[in-house]
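Below: the structure, in structure tokens.
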Amino acid sequence: MAGIRARIRISRPTALLAFGLTANMAPFATFAAVLPEIARAWHLSASEAGWIGGIYFAGYAAAVPILSSLTDRMDGRRIFLSSTLLAAGASLAFATAADGFWTGLILRFLGGVALGGVHMPGLKLLAERTAGQARARGSGIYSACYTLGAAGSLFLAGAVEAGFNWRGAFMISGVVPLLAIGTVLLLPPPEASPAGQPTLDLRALFRNRALIAYVLAFAGNIWEVSAVRAWFVAYLAWSFALPHNSLSVPRPADISGLASLGGFAASILVAELALRWGPRAIVMACIASVIVLLALAATAGGPSIVILPLLVLAQIASLSDAAALASGATVASDPTRRGAALALFAFIGYLAAFIGPVSVGIALDLFGGLGRPAGWSAAFLTMALGSAAAALAMRIAPKGGPTVDLDAQQASRPRST
């Protein structure tokens, strides 16, 4: 029994930073959760609403190469803390000052910038305070909290909007990130502080074959994750509206949130399996995700009693390998360039996160639109490309995967004289 407790024990840095990331995710899904009310209030077109929703990821992608790379040259706690304050400020400003398309666009962009200064810099802070399997396991738990925070954001915004209005939802989501300030102040000192590189040396990063495998696999994974999340509610609503297809179930948005919680648990499990089996565990998760999406493509327009469990499984499966990929990239990166490596990982990934849902929309239009089964079949096939690409990318990852720790390798090398 003591052995089991030892295996599942979470280190103090992991617990603190996992809480800090979860709290900072509070504004993540606020706009999506209250979109119908804002669209009516501001008379937004569908494309305008789409821009405000997507600009958050553009802010993240624009900021993360700079902010994550800076952690190789300065204390990442300063970046994490400043970004936490920006996340709170952007959401509170949205609650009090946003009054139309342009103010909404700017403030959501700033919210994405803030998350870019929390997500990967927080992972770097964790890597500096852990080692060996504790680092791999902690990175997996921390990364899985992205999914947990996204689900919590959806539930929180929906509950507050139901009791108040959309401004109240943004107000609360702006207060919650402030709880993360204490996590930075309570962090223990780093176990190691390797000298950082003066520049973002892309050649050195691309020579790291293991790192690039995880970067490419994450791009495929988050292509699929963002596409499934973006179109989940729309597909379920269309399915329920078909003749004889309605079900007495919670709202589609609530079902999506519950599926995300299932994805959090699956993500922790696959990260643990990757510690033992290496990239094989990730490949198996990718294959499972592809199979579920192919089943959805084959049954598009079918009975809701079939569609609903498949769609829930698709969201869970798409999220299941996210933590293992982040953990693998963290451990495979050169400790002197870890901030830059995580910047590359997040930048390429979040470009894919922006492109994935757009590609699904194009596939829908090409095959008949939102109201045709052929369109949805094409949509799910497009989503499945993400996990298929991720599985192929993991084939170039060196054996051992996340258990190969470059810090340990460097420590074992003889010092030059």
Could you say whether any residue in region 139-152 is more than 18 Å from the chain's Cα centre (by Cα) and closer than 30 Å to Ala324 by Cβ?
no
Given Ile307, Ile268, Ile287, Ile282, which one is within 20 Å of the chain's Cα centre (by Cα) and surrounded by 24 or more Cβ atoms within 10 Å (Cβ to Cβ)?
Ile282
Suppose we filter Ser143, Ser193, Ser139, Ser153 for residues that are at pLDDT 85 or above and either in contact with a helix residue (DSSP H, G or I) (Cβ under 8 Å, 6 or more places away or on another chain) or of a type outside the set (Phe, Trp, Tyr) (or both); which single one remains?
Ser153
Only one of (1) in contact with a Gly (Cβ under 9 Å, 6 or more places away or on another chain); (2) modelled with pLDDT of 90 or more; (3) within 14 Å of Gly112 (Cα to Cα) is not met by Leu17, so which one is it?
(3)
Give just the number: which of (1) over 23 Å from Ser143 (Cα atoms); (2) of a type in the set (A, V, I, L, M, F, W, C); (3) in contact with a Leu (Cβ under 7 Å, 6 or more places away or on another chain) does Ile106 not satisfy?
(3)
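The rows are residues; the columns are (1) of a type in the set (Gly, Ala, Ser); (2) in contact (Cβ under 8 Å) with a residue 60 or more places away in the chain; (3) part of a helix (DSSP H, G or I).
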position	(1), (2), (3)
Ala136	yes, yes, yes
Ala144	yes, yes, yes
Leu156	no, yes, yes
Val176	no, yes, yes
Gly182	yes, no, yes
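Quick check on Gly89: is it touching a residue at least 24 places away in the same chain (Cβ under 8 Å) and in contact with a Pro (Cβ under 8 Å, 6 or more places away or on another chain)?
The answer is no for Gly89.
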Note: among Ser82, Ser45, just one is surrounded by fewer than 24 Cβ atoms within 10 Å (Cβ to Cβ), polar (S, T, N, Q) and either in contact with a Pro (Cβ under 7 Å, 6 or more places away or on another chain) or under 22 Å from Ser226 (Cα atoms) (or both), namely Ser45
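The values are calculated or read from the model by the stated rules, or taken from the named source; none is laboratory data. Quick caveat, the model's predicted, so the values are computed rather than measured. Here the Cβ is made from the backbone with ideal geometry for all residues, glycine too, and neighbour counts use every protein chain on show.
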